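*Asks:* This structure is in structure tokens; I'll ask about it shortly.
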Amino acid sequence: MTQDTLIEDSVDGDLPSRLHAKEFYAKYEPREILGKGVSSTVRKCFEKKTGTEYAVKIIDISGEKGETYQVAQVKKDTYREINILRMCAGHDNIIELHDWFETPTFIFLVFELCKKGELFDYLTEVVSLSEKRTRIIMRQLLEAVLFVHDKGIVHRDLKPENILLDDNLNVKVSDFGFATTVTDHELTGKEVFSLCGTPGYLAPEVLAVSMYDNAPGYGKEVDMWACGVIMYTLLCGSPPFWHRKQMLMLRAIMQGNYSFGSPEWDDISDVPKDLISKLLVVEPSNRLNIKECLAHPFFVREVSYRVLGPQKKFYARRVFRVSIASRYTRVSPTKSWLLQWLYGAAIICARFFYRLHFFYTNPLPISSDVIKTNPYSVKLFRKLIDGCAFGMYGHWVKRGDNQNRAALFEHVLRDDWKTTVLSANAQT
């Protein structure tokens, strides 16, 4: 890197020279580093005119860090990402490209700043999410995917690392570097036959194009598979497909070999499991599409019969009571109905909290044998064990395949064949 294209940042390292990026520095002031990639750095910055904070992705296209053909590919991918972000502008759950600049050596992409960071880091902090919280996050993610798919775009790299969270923990889908456009009826061209994405989130048909010459290609269904992997991971804290040997993991993906057998799934209802099982389907044509997914019972708010059923059934009687009462009181029928509804709701809430308090203060007894032999089967101990594990080793959970968060859930002892053989020989 030449000295006239970089200046030394005493805190965080090198910055592009102000002399060669006048247009960017005229509007923005860069701050600390938020993240680094092979050819890019993400920094916090603020707009001088408004004082608003943003995140700027600074992409190196100087050629100092790679061959000429690599630089050309980086520029091509960046231009494509810019065009796709413009096509997807305006959705609440998609990252906003606020501004961008280009110099002979750098491209600056200015995005809205999501201060809560990545969903990946948030999940590492909390280990796993409740069904309610998972429902909120997955609905926002799927609505963003619906918007993208309606534009004829497939993301191809959906994963917790590429999902950002704002101050209110709202989802912002980001990193459209692998995104491309497809057609609904004909998948032609190089893009939909290329192998790209993150191994643990790749759909079987994406792997197939790299393994078989006659593979038919792939389309928007790959994003639905990735959504299934994400939902599985949110609920239990560990991905459905992982093995220390990547070839075995890829084989499991090709076969759709996963299960809900771990203890984390004992406290999760059947409805989210059903949705996941309909997303992680090997055959793309049998996989739920985005609209079918949003119409699944997991996202449909259930109406309580206890509240609404009797109101319909006894509506005539209630009207009669209200009409009689309104003759002798100055309370309007509308207000009287509201008071009755509030009274009924208060009774239901009181019963609910009484039962909740009862079960909290009177937990089921736990035998000492269970604690000695399988403490992980007890939810209370499981949460404690997982919390301690991620508290101590959370810094170790990285994005590399050899440091997958699933490794922290390997709580079953492996068979020590050497000790077994030696003990068997000693007995004979």
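Quick note: the coordinates plus some simple rules give every number you see, no bench work behind them. Source: prediction; values computed, not measured. Note: ideal-geometry Cβ built from the backbone for every residue, glycine included; neighbour counts use all protein chains shown.
*Asks:* So what's the net charge close to Leu97: Lys and Arg +1, Asp and Glu -1, counting the other residues with Cβ under 15 Å from its Cβ?
*Replies:* Values: positive: Lys27, Lys57, Arg80, Arg86, Lys151, Lys172; negative: Glu47, Asp77, Glu81, Asp92, Glu96, Asp99, Glu102, Glu112, Asp175.
Taking every Cβ under 15 Å from that of Leu97, the sum is -3.
*Asks:* Of Lys132/Lys273; Lys36/Lys57; Lys44/Lys116; Lys49/Lys75; Lys27/Lys172; Lys76/Lys172, which ones are farther than 18 Å apart at the Cα? Write out the running numbers ahead of the final one.
*Replies:* Details: Lys132/Lys273 14 Å; Lys36/Lys57 9 Å; Lys44/Lys116 13 Å; Lys49/Lys75 29 Å; Lys27/Lys172 25 Å; Lys76/Lys172 24 Å.
Exceeds cut-off: Lys49/Lys75; Lys27/Lys172; Lys76/Lys172.
*Asks:* Around Ala144, what is the net charge, scoring Lys/Arg as +1 and Asp/Glu as -1 over all other residues with Cβ under 9 Å from its Cβ? Spell out each step's value before the answer.
*Replies:* On the way: positive: Lys172; negative: Asp92, Glu143.
Charge balance in the 9 Å sphere: -1.
*Asks:* Just to be sure I understand the model, the point goes 7 Å from the Cα along the line to the Cβ. What's the resulting Ala350 to Gln255 distance in nm?
*Replies:* According to this spin-label approximation, the distance is 5.8 nm.
*Asks:* With the contact rule set at Cα under 8 Å and sequence spacing of 6 or more, what percent relative contact order holds for segment 119-294? Don't skip to the answer; put the middle values down first.
*Replies:* Working: 234 pairs, mean separation 42.3, N = 176.
It comes to 24 percent, rounded to a whole number.
*Asks:* Once you list every other residue whose beta carbon is under 9 Å from the beta carbon of Pro272, what net charge do they have if Lys and Arg are +1 and Asp and Glu are -1?
*Replies:* On the way: positive: Arg135, Lys273; negative: Glu131, Asp270, Asp274.
Once all neighbours under 9 Å are counted, the net charge is -1.
*Asks:* Ranked highest first by average number of other Cβ atoms within 10 Å, how do 26-39, 83-96 line up?
*Replies:* My ranking of the peptides, most packed first, is 83-96, 26-39.
*Asks:* While we're on this one: Shape call for segment 72-190 from the C-alpha gyration tensor, a ≥ b ≥ c root eigenvalues: rounded (a/c under 1.5), prolate (a/b greater than b/c) or oblate? List each step's numbers first, then the result.
*Replies:* Values: a/c = 2.08, a/b = 1.35, b/c = 1.54.
It is oblate, given that a/c is not under 1.5 and a/b is not larger than b/c.
*Asks:* On to the next question. For the pair Tyr69 and Lys115, how long in nm is the line joining their label points, each one 7 Å along Cα→Cβ?
*Replies:* Each label point lies 7 Å from its Cα, and together they span 4.6 nm.
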